[in-house]
Amino acid sequence: MNSKVLPGHSFPLGATVSPHGTNFAVFSKYAEAVTLLLFDRADDPKPSRMIPLDPQRHKTSHYWHAFVSGIGSGQLYGYRVLGSNRPEQGLRFDSAKVLLDPYAKAVVTDTYDRAAAIRPGDNCPTALKGVVVDTSRYDWEGDRSPKTPYASTVIYELHVGGFTRHPSSGIAPEKRGTFAGLVEKIPYLQELGVTAVELLPVQQFDEADAPDEFTNYWGYSPIAFFAPHSGYSSRKDALGSIDEFRDMVKALHQAGIEVILDVVFNHTAEGNEYGPTLSYRGLANETYYILDDNRAKYRNYSGCGNTFKSHHAVVGRLILECLRYWVSEMHVDGFRFDLASVLARDHHGKPLKDPPILWAIESDPILAGTKLIAEAWDAAGLYQVGSFIGDRFAEWNGPFRDDVRRFVKSDRNTVPKLAARLLGSPDIYKQPVREASPKENRDLNRSINFITCHDGFTLNDLVSYNHKHNLANGEDNCDGSNDNYSWNGGIEGETDDPTILALRLKQAKNLMTVLLMSQGTPMLLMGDEVRRSQGGNNNAYCQDNELSWFDWRLVDRNADMLRFTRELVRFIQTRQIFQVEDFLSIGTDSIHPSLRWHGVCLGEPDWSGDSHTLAFSLRYPKADEFLYIAFNMYWKPLDFELPSLRNVQQWHRIVDTALAFPNDVSPVETASPVEGNYYALADRSSVVLYAK
């Protein structure tokens with residue numbers, strides 16, 4: 001190879017292409033020697049070129065760097081790092097291992113072997129290799145973010161692989177389970193009415209980080225934070241995943257759909273002290289991870305073996321530059337931070353009042369126009385829903401999920417909590433006490449409302465199982481949550497009993513109605529709209545098979561639930577009262593959106609512990625919108641008194657979950673009029689009326 005090696009620069013980190021070659025830069029504080037490795041093929045038994053970095057010429061502070069002329073996009077590379085292997089001091093250098101650049105923009109995984117990265121010895125042929133990427137070579141064709149406000153947003157949590165991997169998807173075999181496959185299903189998403197897809201992890205993750213004979217399906221095992229997951233690319237060239245991801249983003253934007261990434265900065269795939277040496281551990285173990293008092297071990301606030309030391313300047317910089325990269329170079333619209341509370345812990349694991357990385361993300365100008373969503377808890381008991389830092393972070397509302405589930409299954413003492421959830425959870429998201437205009441107070445839409453997500457039961461299973469059924473995971477049904485607040489309707493699991501099947505469908509529609517009638521930003525789980533089932537498995541993280549995939553035959557089989565969801569989404573997107581950005585006032589307001597609580601009698605809600613009913617009216621005089629919504633989770637039918645209307649108006653039925661298809665939901669234009677002053681609402685049912 002005819003190329004020169006020059007000193008290069010300590011910045012930017014990673015592999016940076018220029019017209020004359022590539023600059024390589026990597027952080028390693030206690031390294032004694034660093035060698036840059038260049039490969040021709042992923043399975044090379046040894047590098048095609050080894051470039052030792054001279055500490056005098058190729059090191060600045062703790063950064064090792066070199067400029068190699070003639071090297072460009074597509075070059076495979078890695079590092080070997082020599083240093084002390086003294087785990088008791090937090091040092092885990094292993095010069096036998098090929099290390100992945102933490103800033104690698106693409107990764108080849110064709111011959112990767114996790115076991116070889118764990119056991120002693122050279123793993124060159126089976127190591128992960130980074131790919132040099134020239135990110136400027138892509139035509140975005142004027143792509144722009146939809147920038148949908150939270151008040152108009154409907155999020156769809158989607159697994160890229162599982163969305164189109166099922167044979168029934170109609171996608172060509174080579175595109176199933178890929179970014180390209182997702183593009184072909186954009187018309188379905190448009191018809192459903194969602195405005196954002198929240199993608200389960202698409203940063204390069206370790207599929208082998210799972211029990212024997214299983215696959216890490218969800219992707220919560222990150223290896224390279226800057227790189228799209230190569231397994232989601234239909235293209236097999238080293239750079240294919242980058243352009244295919246960009247093609248997907250561009251196509252979604254053209255359809256008016258935002259792209260939110262589920263990012264995992266709380267841990268890595270290197271796991272605990274028995275895990276593999278892939279990258280961070282062999283470069284600067286004590287920098288990248290929170291170590292235990294016994295420095296040979298790792299603090300585990302993620303539940304996955306280690307904890308990323310996000311408060312460290314080097315690690316925090318990596319996280320921030322990574323987020324900037326995905327926004328500026330890959331055009332994503334936002335991020336959902338997995339176990340975000342981990343990022344609030346210091347190097348001893350104690351919660352920080354002002355965590356520097358979270359404030360840096362909150363205030364970064366490049367991220368200013370993005371959606372930031374926190375899963376505001378961690379695996380070690382830290383729970384910050386309603387108290388997460390800053391003004392910009394929205395939060396997954398865990399109490400919404402639990403309280404709505406309990407109400408719909410007719411538990412006691414649930415009505416007051418349901419009322420708060422319907423109002424955007426003002427008891428959780430309290431307004432700051434400060435001298436500021438109302439516009440500077442917290443947005444009610446910081447509450448991301450959800451009934452189900454990837455972690456737990458699907459909507460169908462929530463109404464079909466009393467208990468989890470996770471034996472397929474190989475952990476004796478000990479994994480997954482035991483607190484599901486689910487109800488099977490009388491028989492556990494599958495049944496052909498028509499009475500129970502009708503009840504389950506009604507309960508699924510009740511849950512969907514509560515979700516979409518609530519203030520805040522709703523999030524749907526992939527497949528809930530067609531009653532996708534996981535057979536009662538509430539922790540399908542390792543099930544890369546038909547148990548987890550979207551079965552497209554359900555689109556026809558459960559067309560009634562799909563139509564119900566579509567029409568309800570369309571309804572809230574065409575009513576101004578559901579687009580408001582302030583908490584509703586309680587009572588009657590002649591100008592602003594307002595709400596009044598009712599029971600079976602007008603103005604008389606039953607807040608007692610034995611109550612299973614709640615009704616309310618929504619009025620927005622400015623938009624001439626007036627709605628009446630009632631939930632009867634009692635096991636007997638009840639008559640609900642209706643608010644009076646002007647002589648020229650009449651109530652029209654938008655939703656009645658007790659009615660069979662197609663009368664269960666109607667567009668405003670064809671909604672049936674309601675006669676009389678009372679509405680007879682069946683047991684365990686919901687109704688939405690609209691005045692026109």
### Message
For region 326-351, give me the residue count where each residue is basic (Lys, Arg) and buried (at least 19 other Cβ atoms within 10 Å of the Cβ).
### Response
2
#### Entry: Yes/no for Phe661 being touching a Leu at 6+ places or on another chain (Cβ under 8 Å) and aromatic (Phe, Trp, Tyr)
no
### Query
Mind checking which residues of region 63-85 are in contact (Cβ under 8 Å) with a residue 60 or more places away in the chain and either surrounded by fewer than 18 Cβ atoms within 10 Å (Cβ to Cβ) or of a type in the set (Val, Ile, Thr) (or both)?
Val68, Ser69, Gly70, Ile71, Gly72, Gly74, Val81
### Message
Please pick out the residue among Lys97, Lys105 that is in a loop (DSSP other than H, G, I, E, B), among the basic types (Lys, Arg) and under 21 Å from Tyr289 (Cβ atoms).
### Response
Lys97
### One residue from Ser608, Ser666 being under 18 Å from Phe571 (Cα atoms) and surrounded by fewer than 22 Cβ atoms within 10 Å (Cβ to Cβ)
Ser666
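A quick yes/no check of all residues on (1) assigned to a strand (DSSP E or B); (2) within 39 Å of the chain's Cα centre (by Cα):
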{"residue": "Glu604", "(1), (2)": "no, no"}
{"residue": "Trp607", "(1), (2)": "no, yes"}
{"residue": "Ser617", "(1), (2)": "yes, yes"}
{"residue": "Phe626", "(1), (2)": "yes, yes"}
{"residue": "Trp635", "(1), (2)": "no, yes"}
{"residue": "Pro643", "(1), (2)": "no, no"}
{"residue": "Arg646", "(1), (2)": "no, no"}
{"residue": "Arg653", "(1), (2)": "yes, yes"}
### Query
So is Tyr325 part of a loop (DSSP other than H, G, I, E, B) and either in contact with a strand residue (DSSP E or B) (Cβ under 6 Å, 6 or more places away or on another chain) or farther than 27 Å from Asp243 by Cα (or both) or not?
no
### Message
Looking at Thr148 and the list (1) in contact with a strand residue (DSSP E or B) (Cβ under 8 Å, 6 or more places away or on another chain); (2) hydroxyl-bearing (Ser, Thr, Tyr); (3) under 26 Å from Ala559 (Cβ atoms), which single condition is not satisfied?
### Response
(3)
### Task
Output the number of the condition that Ala284 fails; it satisfies all remaining conditions of (1) out of contact with any Lys or Arg (no Cβ under 7 Å at 6 or more places or on another chain); (2) within 30 Å of His62 (Cα to Cα); (3) of a type in the set (A, V, I, L, M).
(1)
### Message
Within region 538-554, does at least one residue satisfy the condition of being polar (S, T, N, Q), under 30 Å from Ala379 (Cβ atoms), in contact with a helix residue (DSSP H, G or I) (Cβ under 6 Å, 6 or more places away or on another chain) and buried (at least 17 other Cβ atoms within 10 Å of the Cβ)?
### Response
yes
### Query
Among (1) buried (at least 24 other Cβ atoms within 10 Å of the Cβ); (2) under 24 Å from Arg336 (Cβ atoms); (3) of a type outside the set (Val, Ile, Thr), which single condition is Gln254 missing?
(1)
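Condition first: surrounded by fewer than 16 Cβ atoms within 10 Å (Cβ to Cβ) and in contact with a strand residue (DSSP E or B) (Cβ under 9 Å, 6 or more places away or on another chain). Now tell me which residues in region 370-389 satisfy that.
Our first condition is that a residue be surrounded by fewer than 16 Cβ atoms within 10 Å (Cβ to Cβ); within region 370-389, this holds for 381, 383, 387.
Passing the criteria: only Tyr383.
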### Query
Would you call Lys46 assigned to a loop (DSSP other than H, G, I, E, B) and either closer than 18 Å to Thr287 by Cα or not assigned by TED's automatic domain parsing to the domain that holds Ala127 (or both)?
no
### Breaking point among (1) in a loop (DSSP other than H, G, I, E, B); (2) closer than 30 Å to Ala313 by Cα; (3) of a type outside the set (Asp, Glu), for Tyr429
(2)
### Query
Just wondering, is there one or more residues in region 259-278 that are in a helix (DSSP H, G or I), touching a His at 6+ places or on another chain (Cβ under 8 Å) and touching a residue at least 24 places away in the same chain (Cβ under 8 Å)?
no
#### Entry: So Ser617, is it surrounded by 18 or more Cβ atoms within 10 Å (Cβ to Cβ) and in contact with a strand residue (DSSP E or B) (Cβ under 8 Å, 6 or more places away or on another chain)
yes
#### Entry: Residues located in region 395-442, provided they are in contact with a helix residue (DSSP H, G or I) (Cβ under 7 Å, 6 or more places away or on another chain), at pLDDT below 95 and either surrounded by 15 or more Cβ atoms within 10 Å (Cβ to Cβ) or of a type in the set (Phe, Trp, Tyr) (or both)
Gly424, Ser425, Pro426, Ile428, Tyr429
## Note on the structure
Filter region 588-600 for residues that are under 36 Å from the mean Cα position of the chain (by Cα) and in a loop (DSSP other than H, G, I, E, B); the one that is surrounded by the fewest Cβ atoms within 10 Å (Cβ to Cβ) is His592
### Task
Check off (1) more than 15 Å from Ser230 (Cα to Cα); (2) loosely packed, with under 13 Cβ neighbours inside 10 Å for Glu174 and give me the number that stays unchecked.
(1)
#### Entry: Among the candidates Asn449, Asn484, Asn466, Asn460, residue that is in a helix (DSSP H, G or I), polar (S, T, N, Q) and modelled with pLDDT of 95 or more
Asn460
### Residues within region 632-668 that are over 19 Å from Leu505 (Cβ atoms) and either in contact with a Pro (Cβ under 9 Å, 6 or more places away or on another chain) or of a type outside the set (S, T, N, Q) (or both), tallied
15
### Query
How many residues are under 22 Å from Leu82 (Cα atoms), of a type in the set (Asp, Glu) and part of a loop (DSSP other than H, G, I, E, B) when one looks only at region 279-309?
0
### Message
Quick check on region 328-336. Is at least one of its residues assigned to a helix (DSSP H, G or I) and under 21 Å from the mean Cα position of the chain (by Cα)?
### Response
yes
### Query
Of the residues in region 208-243, how many are closer than 20 Å to Leu261 by Cα, out of contact with any strand residue (DSSP E or B) (no Cβ under 6 Å at 6 or more places or on another chain) and free of Cβ contacts under 8 Å to residues at least 60 places away in the same chain?
2
### strands (runs of 3 or more DSSP E) completely within region 147-205 that count 3 or more residues being small (Gly, Ala, Ser) and within 14 Å of the chain's Cα centre (by Cα)
none
### Query
Since Gly316 meets every condition but one in (1) surrounded by 18 or more Cβ atoms within 10 Å (Cβ to Cβ); (2) touching a strand residue (DSSP E or B) at 6+ places or on another chain (Cβ under 9 Å), which condition does it not meet?
(2)
### Query
So is Ala208 in a loop (DSSP other than H, G, I, E, B), aliphatic (A, V, I, L, M) and surrounded by fewer than 24 Cβ atoms within 10 Å (Cβ to Cβ) or not?
yes
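The values are calculated or read from the model by the stated rules, or taken from the named source; none is laboratory data. Please read all numbers here as calculations on a predicted model, not as lab measurements. Note that each Cβ is placed from the backbone with ideal geometry, even for glycine, and that neighbours are counted across all protein chains shown.
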